[in-house]
1. If a residue has to be among the hydrophobic types (A, V, I, L, M, F, W, C), assigned to a helix (DSSP H, G or I) and within 16 Å of DNA strand C (Cβ to nearest atom) to count, how many in region A:311-370 make the cut?
2. Residues to consider are A:Ala160, A:Ala173, A:Ala190, A:Ala215; find the one that is touching a residue at least 12 places away in the same chain (Cβ under 8 Å), away from DNA strand C (no atom under 16 Å from the Cβ), more than 15 Å from A:Lys52 (Cβ to Cβ) and outside the structural domain of A:Ala391 (by TED's automatic domain parsing).
3. Can you name every residue in region A:99-122 that is of a type outside the set (A, V, I, L, M, F, W, C), modelled with pLDDT of 95 or more and near DNA strand B (Cβ under 9 Å from one of its atoms)?
4. Consider A:Tyr531 against the criteria (1) more than 30 Å from A:Glu282 (Cβ to Cβ); (2) open to solvent by 40 Å² or more (accessible area, probe 1.4 Å); (3) not polar (S, T, N, Q): it satisfies all of them except one. Which criterion is unmet?
5. When you scan region A:40-48, do you find a residue that is under 23 Å from the mean Cα position of the chain (by Cα), open to solvent by less than 50 Å² (accessible area, probe 1.4 Å) and more than 24 Å from A:Lys161 (Cα to Cα), even just one?
6. For region A:344-383, give me each residue that is within 24 Å of A:Arg77 (Cα to Cα) and either in contact (Cβ under 8 Å) with a residue 40 or more places away in the chain or basic (Lys, Arg) (or both).
7. Answer yes or no as to whether A:Gly179 is touching an Asp or Glu at 6+ places or on another chain (Cβ under 7 Å) and either in a loop (DSSP other than H, G, I, E, B) or assigned by TED's automatic domain parsing to the domain that holds A:Thr237 (or both).
8. Just to verify a result, which residue in region A:607-624, among those that are of a type in the set (D, E, K, R) and in a helix (DSSP H, G or I), is farthest from DNA strand C (Cβ to nearest atom)?
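The values are calculated or read from the model by the stated rules, or taken from the named source; none is laboratory data. These numbers were taken from a predicted model, which means no experiment stands behind them. Don't worry about glycine lacking a Cβ; one is built from the backbone with ideal geometry, like all the others, and counts go over all protein chains shown. Note: areas computed on protein heavy atoms with side chains; ligands, DNA, RNA excluded. Shrake-Rupley method; radii C 1.70, N 1.55, O 1.52, S 1.80 Å.
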Amino acid sequence: MKVADLPLPQTLKTRYAERGIENLYPPQEACVAAGIFEKKNLLCAIPTASGKTIVAEMVMHRHIADGGKCLYIVPLRALASEKFEDFSGKGAKVGVATGDLDRPDAYLGRNDIVVATSEKVDSLLRNGAPWLSKITLLVVDECHLIGSPDRGATLEMVIAKLLMKNPGMQVIALSATVGNPGAIAGWLNAALVTSEWRPVDLREGVYFEGAIHFAEREDRTVAGKSRYDDLNLVLDTVAEGGQCLVFVSSRRNAEAFAKRAAGGLKLSEPALDTASAAIEHEAQTDLGRTLALCVRNGAAFHHAGLSSAERHIVEEGFRNGSIRVISSTPTLAAGLNLPARRVVIRDYLRFGDGGMAPIPVGEYKQMAGRAGRPHLDPYGEAVLIAKTADAVNDLFENYIDAPPEEIASQCNAENALRSHVLSLIATAFCRSRPDVLAFMDRTFYAYEHQGRRSTIHETIERVIDWLCDKEMVTALGDRLEATEYGTLVSRLYIDPRSAETIVDALAKAPDFADLGLLETLARTPDMLTLYLRKDDYEVIYRFIDEHIDELWTGLPYGDDEMQAFFCSVKTAMLLLNWSEEVTEAMICERFNVGPGDIHNKVETAVWLIHAASRLASLFKRPFAQPIADLEIRVKHGIKKELLPLIKLRGIGRVRARRLFNAGLTTPEELRAAGIGALVPVLGEKTAASVLAQVEGKGGGKTAPPEKDEAPRSRQAFLSAFCGDEE
DNA sequence: GGCACAGCATTTTAGACAGCATGTC
DNA sequence: CTAAAATGCTGTGCC
């Protein structure tokens, strides 16, 4: 089937032709045959890289040509940006909406295609974005994620809400291969296309004692260049001109393997030196220095502790072929499109609740699917490593030949329902108990449990009772209505339990204290706390003792409660360090985290502090202002004294501190000092722009993020935080 | 006394969504 | 349903 014959706008056909896309892949033809251009719903469950995105894109352009509007839901922000780039420049107006990339609602609605994360869509629904009712085509990427325990319910609810809101809307769901595609297709009233077809041949095998064993072809011997099996697998592929992805179970393993690979590869190329230098330039941290060292030799590691700059350099280096191997935690498994000729799934056991557990088949398939770069590799290889002869068969049985898991709805979980039921009521999607039950009847959960006994009605009743008890919802007979509090919680998009934790703490707090609030926020279910290490206990205990007046809660009883408390205090300590201008490197060292972790914690904290300030203006007025100040401080990582300066555009953490230390502490003082005094501190260009602002009565702030090069302190390790001497 | 090393004990452990209010080149 | 690997420490044996 030829692209040229499809009912598509000429612009798109031209763009495809330029990229050499002339014929459809077989699964894509099946999608066309399933009636995607006749507004039929579709569930397309085929392997990665077999052209799902293009199927969706073609249908989107068909809709746009007919005056429609498309919403493309993705699970990750990075994916949203990637799809945004993909779809842009092909004749459609494209927009992104994620928590960090946002446009005003009305502006967003002017696009033909909006790419958004599921949570963002949910939030837009809660905040009543009017253009959502104009969506004629919904594309759900990675649709199998409705089975994910933590975020699946949101995706399912968003789909259900949109289906209810826009009855004529076409749905295209794209999914990895799953165990029960028929069930999902049935729920969506969609035609089902499944296929194992891939543009690049995928060979799945198990390595054991010097050779990769395949089911349907000869073993492949791997030269024993080193004493490490995993390294040999990498060197083998690199020698052949390919690249390698190695999936491991922990950050430490990822780093250790990258070092080993760097030693084995010992490459030396200008491109690698450039990338390494770029990382070194960024790096004030041990992690960065280690990474730079690895990259110089052609290897890298990848996990959530990397700063976004470091991640970007590693991904780009791999994409352009200079970095030969990345050892990665699951970050890369589900994220960006970063294929490699050989994928080594080295660790198929991962730590979880109650010990090491084998990763799910679906996750294996996802990682294996990364093997083989279309048009670049002659084939792709996915290799598991067996440690014993017995394991070889087990691995074939449990992964390579195993059927992927079935997807199950996560909508009967009380934790998820609390938030979603509240939003249904707050947005007047549902106005009574029967309404809520009727709505839930349209979910995948209900479809799955047709004619079977289920407990969801009881769960819903319990959740509604809880919401009433906490005064987020009022009930008058069957009629339900959200209170001002409940509406706010729904719009803030925080877990109702988090709201309760915050409101409760605010009510009990005698005086405002930064630490008190931060510890409260770290205790909410919306913030994951840091891991507690053995040596931390004593330090944290002493810290609590010294700061007991600033904490809004005393020592709890019970071991688990105590441990949770220590975790939240530790997390609050990190945030406090950050807002006291402790350097990134120092925080990394003290808390044993990476720059990426700091960023994540800070981002979550800023979101929750904002929520807290809104809740405070409802329940504890006097706290609203100090909370708003803290929000700015945590956002920029500055002490209180820099608050006046940070308001200026172009002034971030570093420059504000430099100005302050130069004796310029307010915009007024900057104006009085004049350009001559500013240039030595800020450089000519920034000085001029800042001066223009203070002379023009100061402007609003949309400052670019600043590089972190704050002054160094001499403290090291968490113990130094208390200023103690052992 | 000092060093090497076996063997036992302790420690550590993945990831990443979300607000708001503005207008835009 | 379910832990494993790396690191730290201690005691022993040997020179």
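1. We begin by selecting, within region A:311-370, every residue among the hydrophobic types (A, V, I, L, M, F, W, C); these are A:313-314, A:318, A:323, A:325-326, A:332-334, A:336, A:338, A:340, A:343-345, A:349, A:351, A:356-357, A:359, A:361, A:367-368.
Narrowing further to those that are assigned to a helix (DSSP H, G or I): A:313-314, A:318, A:332-334, A:361, A:367-368.
From what is left, the residues that are within 16 Å of DNA strand C (Cβ to nearest atom) are A:361.
Residues meeting the conditions: 1.
2. On the way: A:Ala173 fails: more than 15 Å from A:Lys52 (Cβ to Cβ); A:Ala190 fails: more than 15 Å from A:Lys52 (Cβ to Cβ); A:Ala215 fails: outside the structural domain of A:Ala391 (by TED's automatic domain parsing).
Matching residue, one of A:Ala160, A:Ala173, A:Ala190, A:Ala215: A:Ala160.
3. A:Thr117, A:Ser118, A:Glu119, A:Lys120, A:Asp122
4. Exception for A:Tyr531: condition (1).
5. yes
6. Selection gives A:Pro360, A:Gly362, A:Lys365, A:Gln366, A:Met367, A:Ala368, A:Gly369, A:Arg370, A:Ala371, A:Arg373.
7. Values: touching an Asp or Glu at 6+ places or on another chain (Cβ under 7 Å): yes; either in a loop (DSSP other than H, G, I, E, B) or assigned by TED's automatic domain parsing to the domain that holds A:Thr237 (or both): yes.
Yes; evaluated as a whole, the condition is true for this residue.
8. Keep residues of region A:607-624 that are of a type in the set (D, E, K, R), which gives A:614, A:620-621.
Subset that is in a helix (DSSP H, G or I): A:614, A:621.
On the way: A:Arg614: 40, A:Arg621: 47 Å.
Ranking the qualifying residues of region A:607-624, first place goes to A:Arg621.
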